[in-house]
Amino acid sequence: MNYPKFLKKGSTIGICALSNGVKDKLKEYECAINILTRKGYKIIETPSVRTTSININNELERVNEFNYLMNNDKVDMILISRGGDFLYTILPNLELNKIVSCP
């Protein structure tokens, strides 16, 4: 089983948009990022996070952004920026074996 590490000051949080970007909540999102950085966390955002359109990218782009964070050794945790309305479209393409170990 994969056990996550506890975050500590200096840990890196990767943020991606698997469904929608932050759209009309950009101000609130930036406030949350400021809080995290003040607490000492590093942030890596994928390009789609700050978008304002619905169903921001095609499935392949969203999967690639998530996989980029999953395969980045510097990323200690992944957060999803918002929603999940279109998440189902990318599930078949995720590398789930890297997320969960099953016997």
For Lys27, which lysines qualify as cross-link partners when the Cα separation must be under 21 Å and same-chain residues fewer than eight apart are set aside? Lys39, Lys42
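Give me the accessible area per residue for the chain, probe 1.4 Å, as a whole number in Å². List each step's numbers first, then the result.
Details: 6850 Å² over 103 residues.
Averaged over the residues of the chain, the accessible area is 67 Å².
Taking the Kirkwood radius as the inverse of the mean 1/r across Cα pairs, report the Rg/Rh of the chain.
Result for the chain is an Rg/Rh of 0.97.
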Return the carbon/sulfur percentage of the accessible area of the chain, one whole number, probe 1.4 Å, all protein chains in place. 57
What are the ³J(HN,Hα) values, in whole Hz, obtained from phi via the Karplus relation 6.51 cos²θ - 1.76 cosθ + 1.60 with θ = phi - 60°, for each residue of the stretch 6-17 in sequence order, with x given for Gly and Pro? 6, 6, 9, 3, x, 5, 10, 10, x, 10, 9, 10
Non-local residues with an amide H under 5 Å from the amide H of Val49, with H modelled 1.01 Å from N and Pro and chain starts lacking one, are Ala17
Taking 7 Å along the Cα-to-C-beta vector as the label spot, tell me the Cys31-Phe6 distance in nanometres, rounded to one decimal. 2.9
The stretch 44-51 - phi-based ³J(HN,Hα) in whole Hz, Karplus 6.51/-1.76/1.60, Gly and Pro as x: 10, 10, 8, x, 7, 4, 8, 6
Collect residues whose amide H, placed 1.01 Å from N in the peptide plane, falls under 5 Å from the amide H of Gly14; neighbours closer than 5 in sequence don't count. Ile44, Asp76, Met77, Ile78, Leu79
Site Asn58, offset 7 angstrom along Cα→Cβ, radius 19 Å on amide nitrogen, limited to the stretch 1-31, gives 17-21
222 nm mean residue ellipticity, helices alone, for the chain (DSSP H n ≥ 4; -39,500 (n - 2.57); rounded to 500): -7500 deg cm²/dmol
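The values are calculated or read from the model by the stated rules, or taken from the named source; none is laboratory data. None of these values were measured; they are calculated from a predicted model. Heads up, the Cβs are rebuilt from the backbone with ideal geometry, glycines too, and the neighbour counts pull from every protein chain shown. Ligands, DNA and RNA are excluded from the accessible area calculation, which covers all protein heavy atoms including side chains. Shrake-Rupley method; radii C 1.70, N 1.55, O 1.52, S 1.80 Å.
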